[in-house]
Amino acid sequence: MPARGGTRSAMTLTETPMAALPAEIPVGAPPALRLVARQPGPNGAGAGGRVGMRYGRIANWLGSRRPLTFVAVLAIFTMGPVVLLSTLSVNSIYATVTDASNHRLAGASALAAVYVNTEMTALAQLEDAYARRPSLIAALRDGNHVNFDAPVILAALKDLRALQTGTKFATIDDPSGTFWGNQDPAGSPALIGSNFSTTRDWYRGVVKSGKAYVSSAYVSALAGTPLVVAIATPVRADGHYAPNGTEIGILVVGYELSDTQRLFSDFALNQGVLIEVTDQSGVVVAQSGTVPNKLVQDTSPGVNAALKGKSSTDRLSIAGEDDFAAYSPVADVGWTLVARVPASVALADANRLRASVIVITFLLLALLAVAKAVLYVVLRDRQRAQLALARANNSLEERVAGRTADLEASNRDLEAFSYSVSHDLRSPLRGIDGFSRLLLEENKEGLSAEGTRRLGLIRAGAQQMGNLIDDLLAFSRLGRVELKKRRVYTPGVVSEVIAELKLENPDRKIEFVVQDLPPCYADPVLVKQVFRNLLGNAVKFTGTVPAGRIEVGSNAGPGTKKPRMITYFVKDNGVGFDMRYSDKLFGVFQRLHRAEDFPGTGVGLALVRRIVERHGGTVWAEGALNAGATFYLTLEDGNART
């Protein structure tokens, strides 16, 4: 079921209708120069004849004026509109290509953020699994370093580093964050007894969260003072030497920044973008190109916004090079992801089109200059001037059509790219899920409970990633789906969705209340998707309520300012949400609740907003924590179409 939340993003191009472009050509042109070729009437005198008569009157008027007056007037009414049209065309080209590049870059940034989040979460889960090992727990005894079984601890640390390549060090500190020499490779004896509780972010993070924590970058105390990030995990007693659940030590694994760079560089190369990964403080931990050799903080507004959970795009200058940049938060880790592409690459097509427009503009201006000379000498040759202007108009229409075809080809390339990426990502995910299932089925008796749990985590992660890819593709394709509007019987759609949800949740006690709903004028398939997502969310977020109540109705609330619009609402008595964060509800990957409590991909409500806005409506929500939520949407009144 879709999760509550999501941000902007997704990877969608806004297409300009081809018919809209030629309609702008005549704006600003003098009436006498708006020439349209028409068939002659019954008497042979068509629009061309009327235009010729008009030119004749203009010629007679100009013929009585001085040559300077004639040239000045002609320059204003011919060259001015051509230069203006050329400027507007170039601006339109750059605006369209820039928007398309920003959308694609934002999608690549969001996908890279998911990848970074997945990789770091997987490392944290591996370390958490080692922290649960009975042998390690027994070696830490009651958490007093005097009672530590050092050989067993060192063997566990060596085993962890052998399994997870790329680690700089692995160490066990006592619960207070004090180092007692239990480290692989061995640390400096001078550090024994050193307390890191006030100097290391990983200690504060693991104490505050009580679970595996990915730290910010820092200068390690190891020989050579390498730059590292650490993953710290609490080790808890199992009840033998200390009360069950008591923290008896902290497992800390360090990764040098060069290793984090290798972890993400191949993915960035496949995406065709430059990336930069920063930690919770904005310090760069990985970047395309050279490995960071000192702690450098990225203080750009985009990184600051991403650290607060907001995605954005920007255009900036780095080392004298103009770049497009997209910023995305790495949700579960607290890091940020910056994807960049040089403006020279992103705007290559626009630069080529600009050169063509400039050349054509100069050609047109030259042609007009010749026409002025001809008109100045032979003003009576009106038909030649008319044909020249008609040819210029036809040439302009052909260029507009060609530019539209180029944009359509770019959209097709983007669609093929999305399909290729989704296929390449889904194939290994299916292999992971399938082999994990076979391992569970064929070794059911030989696997320990912990092994079964880990394989279950692997399968759940693969399936979640598959669902996320499907939702991202659906979100990106929605902007290109043709709407097939008709009068939709809304009560029937809602009843059908409720029946499906009841079959999917047979053990839930939910009261559905459906008011008298007026019909709407919309695409029936997409309308069902909207109510499916909203009602599915209501069912999910009432899961903690003994007796859930979901109400569907319509009213003349704040969303009905436009005529011919109906406001529908879906109301539940579930966990609700804090209205301070309501702006995050309908964005991609923005969640107001933990995924462990309410699973989902974070795309469902973003799809709802995209569908409703494509129908010309709006969507918003009201709610309070533990007091339920109400989601509103407006659609065109179906009765107004009868």
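What the table below lists for this structure:
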{"item": "Label point distance in nm, Leu367-Asp507, each placed 7 Å from Cα along Cα→Cβ", "result": "7.6 nm"}
{"item": "Region 254-340, accessible surface, carbon-and-sulfur percent (1.4 angstrom probe)", "result": "50 percent"}
{"item": "Theoretical gain in end-to-end length, Glu500 to Asp128 [0.36 nm per residue, Cα-Cα removed]", "result": "130.1 nm"}
{"item": "Square roots of 5 times each gyration tensor eigenvalue, C-alpha, region 71-180, largest first, Å", "result": "69, 13, 10"}
{"item": "Accessible area expressed per residue, region 296-362, with surrounding protein chains retained (probe 1.4 Å, Å²)", "result": "48 Å²"}
{"item": "Shape metrics for region 168-319, restricted to C-alpha atoms - Rg then Dmax, Å", "result": "17.8, 60"}
{"item": "Heavy atoms of Trp202: accessible area, 1.4 Å probe, square angstrom to 10", "result": "10 Å²"}
{"item": "Phi to ³J(HN,Hα) by Karplus 6.51 cos²θ - 1.76 cosθ + 1.60 over region 154-164, Hz, x for Gly, Pro", "result": "5, 5, 5, 5, 5, 5, 5, 5, 5, 6, 9"}
{"item": "Solvent accessible area, Å² - Asp149, 1.4 Å probe, full protein context", "result": "50 Å²"}
{"item": "Distant-in-sequence amide H partners of Phe196 (H built 1.01 Å from N, under 5 Å)", "result": "Thr178, Phe179"}
{"item": "Mean projected area (nm²) of the alpha-carbon convex hull when region 196-254 is viewed from all directions", "result": "4.3 nm²"}
{"item": "Table column - 3J(HN,Hα) (Hz), region 222-228, Karplus curve with 6.51, -1.76, 1.60, x for Gly and Pro", "result": "5, 4, x, 6, x, 8, 9"}
{"item": "Listed peptides 204-212, 488-496 by packing density, highest first (mean Cβ within 10 Å)", "result": "488-496, 204-212"}
{"item": "Exposure ranking of Met565, Met579, Met120 by accessible area [1.4 Å probe, largest first]", "result": "Met579, Met565, Met120"}
{"item": "Additional length obtainable on full extension of the chain from Arg453 to Asp332, 0.36 nm per residue less Cα span", "result": "41.5 nm"}
{"item": "Ratio of the Cα radius of gyration of region 139-186 to 2.2 N^0.38 Å, where N counts its residues", "result": "1.12"}
{"item": "Cα convex hull volume per residue for region 481-546 (Å³)", "result": "81 Å³"}
{"item": "Convex hull (Cα only) mean projected area of region 115-230, reported in nm² to one decimal", "result": "7.2 nm²"}
{"item": "Using a Förster distance of 35 Å, the FRET efficiency for Thr299-Ile192 (Cβ separation, nearest 0.05)", "result": "0.40"}
{"item": "Long pairs among Lys211/Lys502; Lys211/Lys584; Lys308/Lys485; Lys168/Lys208, criterion Cα-Cα beyond 31 Å", "result": "Lys211/Lys502; Lys308/Lys485"}
{"item": "Lys/Arg +1, Asp/Glu -1 at C-beta; region 162-287 dipole; positive extreme among Gln261, Gly224, Ile250", "result": "Ile250"}
{"item": "Heavy atoms of Arg399: accessible area, 1.4 Å probe, square angstrom to 10", "result": "60 Å²"}
{"item": "FRET efficiency, Ser265 to Arg315 (Cβ-Cβ, R0 25 Å, nearest 0.05)", "result": "0.55"}
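The values are calculated or read from the model by the stated rules, or taken from the named source; none is laboratory data. Keep in mind the model is a prediction, meaning the values are calculated, not measured. Please note: Cβ atoms are built from the backbone with ideal geometry, for glycine as well, and neighbour counts cover all protein chains shown. Accessible surface areas use protein heavy atoms only, side chains included; no ligands, DNA or RNA. Shrake-Rupley method; radii C 1.70, N 1.55, O 1.52, S 1.80 Å.
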